[in-house]
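The values are calculated or read from the model by the stated rules, or taken from the named source; none is laboratory data. Because the structure is a prediction, the values reported are computed rather than measured. Note that we place each Cβ from the backbone using ideal geometry, even for glycine, and neighbour counts take in every protein chain shown.
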Amino acid sequence: MTDRRSRPLARAPRIVAAALLLAGAGAAFAETSLLLSGSAFVDYWYQEDPAVPTRTPQGVTPATSLKVSVDVNDDLAFSAKLCAGCHTMEMEQVVLDYTPKTWFNLQIGRLAIPFGDYSNRVDPSSHAAVTAPLIYDMGQMAFGERSAMNLGVLPLPYTDTGVMLYGVRWLGPIQFWYGLYGVAGLRGANDIDWMAMRSVYTDVNGLPAAGGRLTVTISAPPKSFFGDFSLGGSATAGHYDRDEGLRYLLYGADASWRLGPFTMRGEYAARRTELDPDASYPYELVDDWFDKKGFYGELEHPLGPYLTAVYRYEEMRRVGVPLPGSIAAVTPESSMTRYTAGLVLTPAEHIFAKFSWEYTESSDFGDFQAFRGGIGGAF
Amino acid sequence: MTRRGHWTPCRPAAKRGAALAAALLLAACGEDLLADPRVGAQLPGGGGAGASFSSLAVNVLAPQCATSACHGGSPPAYAPQLDADVAYDELVGRPSLQASMSLVEPGAPDQSYLVLKLRGAAGWVGGIPTPMPTDYALDEGDIAAIEGWIANGAPND
């Protein structure tokens, strides 16, 4: 039976976030430095095979965001970002940002967790492809439902409540960026349940999660053929269940390089998730965890002043006993490979349209193709 | 909880060491992270736990779903009524009002809207994505027991 708990520690993140929201709102009235930004994007997802949409959210998907930033003084700022999409309303960010030094800064509140390079580019106006990479997918993956592939390795944006220390140091042309954080952590019952982290910001247990990210960027002069080269690594770990017995560990590496008109990116991410050994599984449970891992490689280049082309190859695997209630087709070693080719049209500043073709090879669900198109704007 | 597998040696470091950098965890567990988990033989009936419906109705549905503000009473605030004495007829083979599928499809937990609501996956089949219960998740064991009962043919036992 479920024991509905109400721990002070579990409530703390929500109280902190509410206090920050009030503090920030007060600051907004007291100061004049106010910045508004946002974006809106709506896309249509069409699948050719009629069998695929029965387990996939084919159709129109909106994604909008509005961010308010207020500089309280030179060292203190408040910002809040509200997003609305198929997961309804979500506070993606509500933070107080204390920035006394470039190498020592502190954020507290609802944080946008830095995991992987893509965490910097989650807004539709910040990436060329219509979709997120499979490893970071949040609800736009065919057959990605809760009990099958279960979305990405880490659906982005990942927002959590806590504290983050971050900063930048330069050694000549080499830039080091770091972020270390302690947060409430991911939640779920017998696997990470992404929807359970939306709208209700209380943690399910009293144990914090921790993680960090480090990036090293070799900067190049602005007009050189060999552009910036970046390497990054991310990791985070914690407990996700109410009984504090089931752990998760996420880790990944990424690289990006600009070479003339070409921008190349590649990322790898993996999650090990412990399973409830007392649940009933469709297979005999030998090792009570499963792994989800994958990577993508992406190439992007302009085609004249108004068009950008993007190509992506990606794979994702889920290895381990399927969850109770999974689609019968799911096997202990399930994988997807997706090929994407897309175009971004930018007819005017702040306005864009995206189109893409995707072909997916799936070990458990067959092969299928899809088309996407969407329009958006940012300010 | 039963014995854990290869990952066991890392447990003390992670239990209270959630505040430790994840890099330490990686270093401690790095060798095991390369190994895929082992999986045993496929089990008949989808591995269902074999709970009877009467026990599920009394121990799970009635106390956690059939409250006066939700699915209890006649008529309930929200359909279907899940009081123990009527829950079977209200669930098995009855169409969902939110999606084009049955609330309980005998033998097919993945085609049963009840399971999708409990797992927060109803949105994937065109239903209302709000998980049930709305403010907390049922214990995994309870959900698995319901799935096992459905996988075994959803008998009225």
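In the set (1) small (G, A, S); (2) modelled with pLDDT of 95 or more; (3) more than 18 Å from A:Q140 (Cα to Cα), the condition left unmet by A:G304 is number (2).
Residues of the range A:302-319 that are crowded, with 16+ Cβ neighbours inside 10 Å, in contact with a Pro (Cβ under 8 Å, 6 or more places away or on another chain) and over 14 Å from A:F355 (Cα atoms): A:E314, A:V319. Residues of the range B:99-157 being more than 18 Å from B:A87 (Cβ to Cβ) and of a type in the set (F, W, Y), which ones? B:W124, B:Y136, listed by residue number. Can you pull out the residues in the range A:196-252 that are of a type in the set (A, V, I, L, M), over 30 Å from A:W103 (Cβ atoms) and either modelled with pLDDT of 95 or more or surrounded by fewer than 18 Cβ atoms within 10 Å (Cβ to Cβ) (or both)? Across the range A:196-252, the qualifying residue is only A:V200. Taking the criterion of being of a type outside the set (F, W, Y), at the interface with chain B (Cβ under 7 Å from one of its Cβ atoms) and not in a strand (DSSP E or B), the residues of the range A:268-293 that qualify are A:D276, A:P277, A:D278, A:A279, A:S280, A:P282, A:V286, A:D287, A:D288. Being part of a strand (DSSP E or B) and among the polar types (S, T, N, Q) is the filter here, so list the residues in the range A:307-329 that pass it. Result: A:T308, single match. Within the range A:181-191, the residues that satisfy the criterion of being at pLDDT 85 or above and either farther than 27 Å from A:G233 by Cβ or in a strand (DSSP E or B) (or both) are A:Y181, A:G182, A:V183. State whether one or more residues within the range A:307-329 are closer than 22 Å to A:Y136 by Cα, out of contact with any helix residue (DSSP H, G or I) (no Cβ under 7 Å at 6 or more places or on another chain), acidic (D, E) and in contact (Cβ under 8 Å) with a residue 60 or more places away in the chain. The answer is yes; a qualifying residue exists.
Taking the range B:57-89 as the range and being more than 19 Å from the chain's Cα centre (by Cα) and part of a helix (DSSP H, G or I) as the test, only B:D89 passes. Selection within the range A:236-255: residues that are within 16 Å of A:W289 (Cβ to Cβ) and assigned to a strand (DSSP E or B). The member of this set that is farthest from the other protein chains (Cβ to nearest Cβ) is A:Y248. Check the range A:349-359 and report whether any residue there is within 14 Å of chain B (Cβ to nearest Cβ) and either touching an Asp or Glu at 6+ places or on another chain (Cβ under 8 Å) or touching a residue at least 24 places away in the same chain (Cβ under 8 Å) (or both). Scanning the range A:349-359, I find no residue that is within 14 Å of chain B (Cβ to nearest Cβ) and either touching an Asp or Glu at 6+ places or on another chain (Cβ under 8 Å) or touching a residue at least 24 places away in the same chain (Cβ under 8 Å) (or both), so the answer is no.
Residues in the range B:92-138 that are outside any loop (DSSP other than H, G, I, E, B) and either without any contact (Cβ under 8 Å) to a residue 24 or more places away in the chain or not hydrophobic (A, V, I, L, M, F, W, C) (or both): B:P95, B:S102, B:P109, B:D110, B:Q111, B:Y113, B:L116, B:K117, B:G123, B:W124.
Looking only at residues of the range A:253-283 that are in contact (Cβ under 8 Å) with a residue 24 or more places away in the chain and within 15 Å of A:G211 (Cα to Cα), we find that the one that is surrounded by the most Cβ atoms within 10 Å (Cβ to Cβ) is A:A269.
Which one is nearest to the other protein chains (Cβ to nearest Cβ) among residues in the range B:119-149 that are more than 25 Å from A:A142 (Cα to Cα) and of a type in the set (A, V, I, L, M, F, W, C)?
Looking at residues that are more than 25 Å from A:A142 (Cα to Cα) and of a type in the set (A, V, I, L, M, F, W, C), I get B:L138.
For the range A:330-349, the set of residues classified as touching a helix residue (DSSP H, G or I) at 6+ places or on another chain (Cβ under 8 Å) and either aliphatic (A, V, I, L, M) or assigned to a loop (DSSP other than H, G, I, E, B) (or both) consists of A:M336 only. Just one of the numbered conditions (1) surrounded by fewer than 20 Cβ atoms within 10 Å (Cβ to Cβ); (2) modelled with pLDDT of 95 or more; (3) of a type outside the set (V, I, T) is not true of A:R338: (1).
For B:A108, state whether it is over 25 Å from A:D241 (Cα atoms) and either facing chain A (nearest Cβ under 9 Å) or of a type in the set (G, A, S) (or both). Spelling it out, B:A108 is indeed over 25 Å from A:D241 (Cα atoms) and either facing chain A (nearest Cβ under 9 Å) or of a type in the set (G, A, S) (or both).
Residues being aliphatic (A, V, I, L, M) and loosely packed, with under 13 Cβ neighbours inside 10 Å: count how many of those fall in the range B:53-83. Don't jump to the end; show me each part of the working.
Taking the range B:53-83 as the starting set, the residues that turn out to be aliphatic (A, V, I, L, M) are B:56-58, B:60-62, B:66, B:69, B:77, B:79, B:82.
Narrowing further to those that are loosely packed, with under 13 Cβ neighbours inside 10 Å: B:69, B:77.
Matching residues across the range B:53-83 total 2.
Against the condition surrounded by fewer than 20 Cβ atoms within 10 Å (Cβ to Cβ) and not in a loop (DSSP other than H, G, I, E, B), how does A:Y296 come out, does it pass? Give the steps one after another, and end with the answer.
Working: surrounded by fewer than 20 Cβ atoms within 10 Å (Cβ to Cβ): no; not in a loop (DSSP other than H, G, I, E, B): yes.
It is false that A:Y296 is surrounded by fewer than 20 Cβ atoms within 10 Å (Cβ to Cβ) and not in a loop (DSSP other than H, G, I, E, B).
Taking the range A:135-157, which residues are away from chain B (no Cβ under 14 Å) and either more than 22 Å from A:G376 (Cα to Cα) or hydroxyl-bearing (S, T, Y) (or both)? Correct list: A:I135, A:Y136, A:G152. Filtered by the rule that a residue be part of a loop (DSSP other than H, G, I, E, B) and without any contact (Cβ under 8 Å) to a residue 24 or more places away in the chain, the range A:148-180 gives a lone residue, A:G172.
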